[in-house]
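**Q** Next up is a structure, given as structure tokens.
The values are calculated or read from the model by the stated rules, or taken from the named source; none is laboratory data. The structure presented is a predicted model; accordingly, all values stated were derived computationally and were not measured. Positions of Cβ are backbone-derived with ideal geometry, glycine not excepted, and every protein chain shown enters the neighbour counts. Ligands, DNA and RNA are excluded from the accessible area calculation, which covers all protein heavy atoms including side chains. Shrake-Rupley method; radii C 1.70, N 1.55, O 1.52, S 1.80 Å.
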Amino acid sequence: MAQKILHRIPLRGFIVFLMGWIFLGCAANLPKEAEITQDLPQTFQNTPLISIKSESQTETKLDPTEQIKALFEDSTLNELFDIALNQNLDLQIMNTRILQAKAQLKSAWGALFPSVDGNLNANESHTRTNTTPMQKTQSYTSSVGATLSWEIDLFGRLQHSKNARESLYEKSLQDLENAKITLLGEIATTYLSLLEITQNILLTQENVVHYQNALELTRFKVENGLLDSTELFEKQDMLTNEQNTLESLKSLLEENKNALLVLLDTLEIPFEIESQVTPNIAKELHLDSMPADVLLSRPDIKAALFSLYAQAYTKANAKASLFPILSISANLNDILDSNAQASGNLAWQFASSLSAPILNRTQLTQNYFLQDAILQESYLTLQKSLKTALSEIENTSFNVKSTDLQLQNSQQRTDNAQEYFEFSASRHLVGLIDDLEHALNSASLNNSKKSLNTAKTENLKSFILLYKAFGGDLNLTLAQDTSKP
């Protein structure tokens, strides 16, 4: 009875079942997003520190470049962004890598289709024999032909190679986006540093004058026995420290100028630093996304994910290489002209071959194990990148709140210093305090202003770090008024 049932099963159906089973065994197992993010927490701890404001207007989400422009709304900074996006060498390098990946993808696509080569041959020969009588012969032949070769991708080896190249091409696109976000963040950071340093240089130069006056007044009082000589050493030390601070600031200014020139790939700074005013944050943030959604949308994480996919396909390719290879070839040849045989003779040949690795299976098997180990490394690398990105978001979210509090404290300190300076200045006008104390009060006010400049810059930089941590997506939108037609 069992034999009758087996005889009823069509041979073609059995072959289809067998081939389907083989293809299933060679399929690439891509990890799912749920598996990749299962170990991540479902809420951020520190993003609630940043205020979230809901709006009733219809909103259009901005791309990363427009988001950082909207974050500051500084025309000079926007101009720097545009210059860098057009001229930066790192972006140009990334674009060439995209072209390379695209060419490799097209090459892998081409391997899936038959290869046809054409040929045109012409042959002419002359012979002579030294016999009596002397004989001369001449022969010529011209022909045209074509050769076809095709590897039938039974087990998906070529398809997996194509899919791997496609994943690497997608990775190159994400690498470019990540490079853009990093570049925009670095330009904004360098720009803010230049403004802070320039402002603090001016205040430090004023302080050098104040401390020089204080030193001369102290020396005069010491020489007249009104002060102890230790006061002279103290004022000299204050002057020296301020002079060293000035030189350090000048060095930092030069370093940041050169760094900006490299980022812009220009020969000179395209704006007057002294005439710029430090911008403010112009938008409120809406950080209410889940970690998995946010992290997987970061370009660097996307690039690592595509790299993982590429390695999964490479492993499947190595597995498919263990199975036989079926190839088909055909030759077609037509004699155009000949003095030895009739023209128009057409010859063709069709052949197929099935080859399988025998003696080199150890090498192919070990290559499969190697690709499997690399795939595991890629997965662990992605997990590490995800957790590192998560910690960056947590750190920068907390840092935004912390630097904001520091800015408030510095502002309070500067307000107090300003109030005290105005009070002491009025006393100086009526002669209740001398020039020495007034010079020291002026320097103290400038020191508080320098601290305020630094605190404001650090607060702005914390938003830039937050922008980079979220992969250029701070959920900034362009509000559209729905009441207008």
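**Q** Going by the conditions given, is Leu466 among the hydrophobic types (A, V, I, L, M, F, W, C) and part of a helix (DSSP H, G or I)?
**A** yes
**Q** Then there is this: What are the residue pairs meeting all of these: first residue in region 153-175, first residue free of Cβ contacts under 8 Å to residues at least 60 places away in the same chain and more than 13 Å from Leu305 (Cβ to Cβ), second residue outside any helix (DSSP H, G or I) and among the small types (Gly, Ala, Ser), Cβ atoms under 6 Å, and 6 or more apart or on different chains?
**A** Leu158/Ala111
**Q** So which residues in region 298-323 are closer than 23 Å to Ala70 by Cβ and open to solvent by less than 20 Å² (accessible area, probe 1.4 Å)?
**A** Within region 298-323, Arg298, Pro299 meet the criteria.
**Q** I've got another one for you. Limited to region 249-292, what total is found for residues that are under 25 Å from the mean Cα position of the chain (by Cα) and farther than 19 Å from Leu77 by Cα?
**A** Result for region 249-292: 8.
**Q** If you don't mind, another one. Just to be sure, is Phe398 open to solvent by less than 50 Å² (accessible area, probe 1.4 Å), more than 20 Å from Leu195 (Cβ to Cβ) and either of a type in the set (Gly, Ala, Ser) or assigned to a helix (DSSP H, G or I) (or both)?
**A** Taking the combined requirement at face value, the residue does not satisfy it.
**Q** Oh, and also: Against the definition (modelled with pLDDT of 85 or more and within 23 Å of Ser442 (Cβ to Cβ)), how does Lys162 come out, yes or no?
**A** So Lys162 fails the test.
**Q** If you scan region 88-109, which residues turn out to be open to solvent by less than 70 Å² (accessible area, probe 1.4 Å) and farther than 15 Å from Ile181 by Cα?
**A** Filtering region 88-109 down to residues open to solvent by less than 70 Å² (accessible area, probe 1.4 Å) leaves 88, 91, 94, 96, 98, 101, 103, 105, 108.
Within region 88-109, Thr96, Ile98, Ala101, Ala103, Leu105, Ala108 qualify.
For (1) open to solvent by 40 Å² or more (accessible area, probe 1.4 Å); (2) under 30 Å from Ile433 (Cα atoms); (3) part of a helix (DSSP H, G or I); (4) out of contact with any helix residue (DSSP H, G or I) (no Cβ under 8 Å at 6 or more places or on another chain), each residue gets a yes or a no:
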{"residue": "Leu184", "(1), (2), (3), (4)": "no, no, yes, no"}
{"residue": "Ser193", "(1), (2), (3), (4)": "no, no, yes, no"}
{"residue": "Asn200", "(1), (2), (3), (4)": "no, yes, yes, no"}
{"residue": "Thr204", "(1), (2), (3), (4)": "no, yes, yes, no"}
{"residue": "Leu227", "(1), (2), (3), (4)": "yes, yes, no, no"}
{"residue": "Glu231", "(1), (2), (3), (4)": "yes, yes, yes, no"}
{"residue": "Asn241", "(1), (2), (3), (4)": "yes, yes, yes, yes"}
{"residue": "Lys257", "(1), (2), (3), (4)": "yes, no, yes, no"}
{"residue": "Leu261", "(1), (2), (3), (4)": "no, no, yes, yes"}
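**Q** Being open to solvent by 30 Å² or more (accessible area, probe 1.4 Å), within 30 Å of Lys235 (Cα to Cα) and not in a helix (DSSP H, G or I) is the requirement here; does Leu407 meet it?
**A** no
**Q** Tell me whether region 3-10 contains one or more residues that are at pLDDT 80 or above and either within 21 Å of the chain's Cα centre (by Cα) or not polar (S, T, N, Q) (or both).
**A** No, region 3-10 contains no residue that is at pLDDT 80 or above and either within 21 Å of the chain's Cα centre (by Cα) or not polar (S, T, N, Q) (or both).
**Q** Here are Leu80, Leu112, Leu85: which of them is open to solvent by less than 70 Å² (accessible area, probe 1.4 Å), modelled with pLDDT of 85 or more and outside any helix (DSSP H, G or I)? Write out each step before concluding.
**A** On the way: Leu80 fails: outside any helix (DSSP H, G or I); Leu85 fails: outside any helix (DSSP H, G or I).
So the residue among Leu80, Leu112, Leu85 that is open to solvent by less than 70 Å² (accessible area, probe 1.4 Å), modelled with pLDDT of 85 or more and outside any helix (DSSP H, G or I) is Leu112.
**Q** Additional query: Based on what the data block shows, is Leu295 within 30 Å of Leu49 (Cα to Cα) and open to solvent by less than 50 Å² (accessible area, probe 1.4 Å)?
**A** It is true that Leu295 is within 30 Å of Leu49 (Cα to Cα) and open to solvent by less than 50 Å² (accessible area, probe 1.4 Å).
**Q** Can you find, within region 375-395, the residue that is nearest to Lys302 (Cα to Cα) among those that are open to solvent by less than 60 Å² (accessible area, probe 1.4 Å) and more than 20 Å from the chain's Cα centre (by Cα)?
**A** Per the stated criteria, the residue is Leu375.
**Q** Say whether the condition of being at pLDDT 80 or above, within 25 Å of the chain's Cα centre (by Cα) and more than 20 Å from Ala282 (Cβ to Cβ) is met by at least one residue in region 22-31.
**A** Scanning region 22-31, I find at least one residue that is at pLDDT 80 or above, within 25 Å of the chain's Cα centre (by Cα) and more than 20 Å from Ala282 (Cβ to Cβ), so the answer is yes.
**Q** Still on this structure: Can you confirm whether region 324-331 contains a residue that is in a loop (DSSP other than H, G, I, E, B), open to solvent by less than 50 Å² (accessible area, probe 1.4 Å) and closer than 30 Å to Ala351 by Cβ?
**A** There is at least one residue in region 324-331 that is in a loop (DSSP other than H, G, I, E, B), open to solvent by less than 50 Å² (accessible area, probe 1.4 Å) and closer than 30 Å to Ala351 by Cβ.
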